[in-house]
Amino acid sequence: VQLQACGGGLVQPGGSLRLSCVASTSTFSIYDMGWYRQAPGKQREMVLSISSSGGTRSAGSVKGRFTISRDNAKSTVYLQMNSLKPEDTAVYYCNAAHFSLNYWGQGTLVTVSS
């Protein structure tokens with residue numbers, strides 16, 4: 001499975017971005033999908049995840065600001081990011097997991113700066 005993420009860019013504090021990740025698989029619906037991020041000098045961390053049944057989990061730092069959704073018909077997972085802060089600056093990666101299967105996208109850079 002190949003994952004292609006896009007939508008990153010430069011945004012001012014308080015702004016919004018929507019990331020998309022398209023998966024090259026016809027069995028997208030069976031995968032638990034997640035967005036992770038890695039800031040310079042830091043470890044990769046989970047941001048938000050959505051299970052194959054639609055349940056979501058989020059990191060405390062993004063609660064109330066970021067939301068995750070999926071469109072199984074388009075094999076796409078989205079990350080809507082609102083009220084962005086400079087500390088949200090990172091490379092954002094999408095992930096697809098199903099039992100022992102685990103795939104990563106190439107990452108898309110989000111920079112929050114004035």
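Lacking any other cysteine beta-carbon closer than 4.7 Å, the following Cys residues of the chain have no compatible partner: C6. The distance separating the Cα centre of region 77-113 from that of region 20-49 comes to 6 Å. Coordinate range of the alpha-carbon atoms in the chain per principal axis, descending: 41, 25, 22 Å.
Ignoring the sites themselves, the chain has its longest run without trypsin sites (Lys or Arg not before Pro) in a DSSP loop having at most 11 other Cβ atoms within 10 Å at 64-114.
What a 1.4 Å probe finds exposed on the chain is 49% carbon and sulfur by accessible area, rounded to a whole percent.
Note the full-extension length gain between Q80 and R18 as 0.36 nm times their separation in residues minus their Cα-Cα distance, in nm to one decimal.
Values: separation 62, 0.36 × 62 = 22.32 nm, distance 0.44 nm.
Computed gain between Q80 and R18 is 21.9 nm.
Straight-line reach from K63: taking Cα to Cα under 13 Å and skipping same-chain neighbours fewer than 8 places apart, the aspartates and glutamates in range are D88. Considering only L101, L48, L17, the mean-square fluctuation computed in a Gaussian network model of the chain, springs between alpha carbons under 10 angstrom, is largest for L101. Checking every one of the chymotrypsin sites (Phe, Trp or Tyr not before Pro) in region 48-114 against DSSP loop status and a limit of 14 other Cβ atoms within 10 Å picks out F99.
Just to confirm, what accessible area per residue do you get for the chain at 1.4 Å probe, in whole Å²? Show your work: numbers first, answer last.
Working: 6000 Å² over 114 residues.
I get 53 Å² per residue for the chain.
Using 0.36 nm per residue, how much length does the chain from N102 to C6 gain when fully extended, once their Cα-Cα distance is taken away? Numbers along the way, then the final one.
Numbers: separation 96, 0.36 × 96 = 34.56 nm, distance 1.95 nm.
Between N102 and C6, full extension yields 32.6 nm more.
The values are calculated or read from the model by the stated rules, or taken from the named source; none is laboratory data. From a predicted model like this one, the values you see are computed outputs, not experimental measurements. Note that we place each Cβ from the backbone using ideal geometry, even for glycine, and neighbour counts take in every protein chain shown. Heavy atoms of the whole protein, side chains included, go into the accessibility calculation; ligands, DNA and RNA do not. Shrake-Rupley method; radii C 1.70, N 1.55, O 1.52, S 1.80 Å.
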